[in-house]
Amino acid sequence: MSIKDQFIAYIHGLQDSICAALESIDGKAKFFEDKWERKEGGGGKTRVIADGNVFEKGGVNTSVVHGALPAAMQQAFGVPESDFLACGLSLVIHPMNPYVPTVHANWRYFELYDKEGKRLDCWFGGGSDLTPYYIFEEDGRHFHTTLKNAMEPFGTELYPKYKQHCDDYFINKHRGDEARGIGGVFYDYLRPTDDTDHERLFTFQQANGNAFIPTYLPIVEKRKDLAYTDKEKDWQEIRRGRYVEFNLIHDRGTLFGLKTNGRTESILMSLPPRARWEYNYTPEAGSKEAELLEYIKPRNWVD
């Protein structure tokens with residue numbers, strides 16, 4: 001079986017595992033599945049959870065799309081008329097409780113072909129990152145340490161390298177390079193050098209995907225029953241506004257999906273159900289809200 005087919009099978013299995021784990025911890029809400037087809041080729045399975053005990057809104061989506069590479073993407077990749085295949089799993093979970101962080105992750109694979117069907121290029125990409133509204137240092141350490149442990153067998157240099165990529169990527173440049181959250185890892189354009197390296201990179205993707213449940217769910221379990229007030233909820237929604245800004249202005253995955261005639265409902269699934277914008281809002285000095293703004297500056301989260 002080709003790496004492409006193995007990866008497609010893997011993301012569908014991972015989607016099942018993650019959805020089952022999230023349903024279990026929520027205890028109320030279930031994922032609704034919406035299968036869709038793309039007229040140019042391919043389709044996907046969008047799974048959405050909403051109005052649960054723990055999760056206000058979330059999605060765990062898989063897609064396998066293919067066809068002619070749109071002109072805008074030809075220009076971006078610097079290639080002539082080509083065909084492509086893009087497959088991956090993408091998830092965003094927005095919790096009800098402001099003390100539970102939002103999480104985002106995706107793992108994807110891309111192939112590019114000439115008009116005779118010969119593969120010209122291929123690469124892996126992905127990562128996961130955490131967007132808390134209130135800071136618990138032990139949660140940040142747990143999240144980053146689990147990611148580091150997943151990557152370390154493939155090279156001790158990878159976690160610090162891909163953490164830096166994440167810190168550089170998930171920022172709102174129009175907000176003075178304000179970070180979206182406390183980061184995680186992010187990597188893209190991991191191109192295999194030969195068949196053996198292709199297998200290695202596929203195994204690397206699996207290690208990262210398999211790390212999601214032990215990375216995120218222990219944090220959810222610890223924070224989901226903490227008491228909160230309208231004040232904490234308002235702050236959560238202000239920070240969600242920053243999340244929306246990043247996804248609509250800067251996120252390459254969102255822009256790629258829209259430019260390749262992806263399914264808009266699935267692409268914009270990542271947006272929270274409620275967000276807030278208050279003119280020139282600044283949290284009170286010394287408050288827990290102000291503390292967050294200090295902790296989202298790049299820092300070392302692992303010992």
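The values are calculated or read from the model by the stated rules, or taken from the named source; none is laboratory data. All values reported here derive from a predicted model rather than from experimental measurement. Please note: Cβ atoms are built from the backbone with ideal geometry, for glycine as well, and neighbour counts cover all protein chains shown. When the accessible area is computed, the model is the full protein with side chains, heavy atoms only, and any ligands, DNA or RNA have been set aside. Shrake-Rupley method; radii C 1.70, N 1.55, O 1.52, S 1.80 Å.
What the table below lists for this structure:
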item: Euclidean distance between Cα centres, segment 2-54 to segment 246-264, Å; result: 19 Å
item: Ordering of 283-289, 13-19, 43-49 by packing [mean C-beta count within 10 Å, highest first]; result: 43-49, 13-19, 283-289
item: Prolate/oblate/rounded label for segment 157-218 (Cα gyration tensor, a/c 1.5); result: oblate
item: Tensor-based shape of segment 1-48 (alpha-carbon gyration tensor, a/c under 1.5 rounded, otherwise prolate or oblate); result: oblate
item: Residue-averaged [θ]222 nm for the chain, counting only DSSP H segments that reach four residues, each worth -39500 (n - 2.57); result: -13000 deg cm²/dmol
item: Portion, in percent, of the accessible area of the chain that falls on carbon or sulfur, probe 1.4 Å; result: 50 percent
item: Of K28/K57; K39/K118; K39/K259; K233/K297; K231/K288, those spanning more than 18 Å from alpha-carbon to alpha-carbon; result: K39/K118; K233/K297
item: In Hz, Karplus ³J(HN,Hα) per residue of segment 112-127 (6.51, -1.76, 1.60; θ = phi - 60°; x = Gly, Pro); result: 10, 10, 7, 6, 8, x, 6, 6, 9, 7, 7, 7, 10, x, x, x
item: Å² per residue, accessible surface of the chain at 1.4 Å; result: 45 Å²
item: Scattering curve values for segment 1-87, log₁₀ I(q)/I(0), Debye with Cα scatterers, q = 0.10, 0.22, 0.23, 0.27 Å⁻¹; result: -0.36, -1.01, -1.06, -1.23
item: Pairwise FRET efficiency - T203 versus K231, Cβ, R0 = 45 Å, nearest 0.05; result: 0.45
item: Nearest-10 value in Å² for the accessible area of T229, using the 1.4 Å probe; result: 80 Å²
item: 12 Å beta-carbon shell around G125, net charge (K/R +1, D/E -1); result: +2
item: Cα-based Rg of the chain normalised by 2.2 N^0.38 Å, two decimals; result: 0.99
item: Sites L120 and S287, calculated FRET efficiency, Cβ-Cβ separation with R0 45 Å, nearest 0.05; result: 0.25
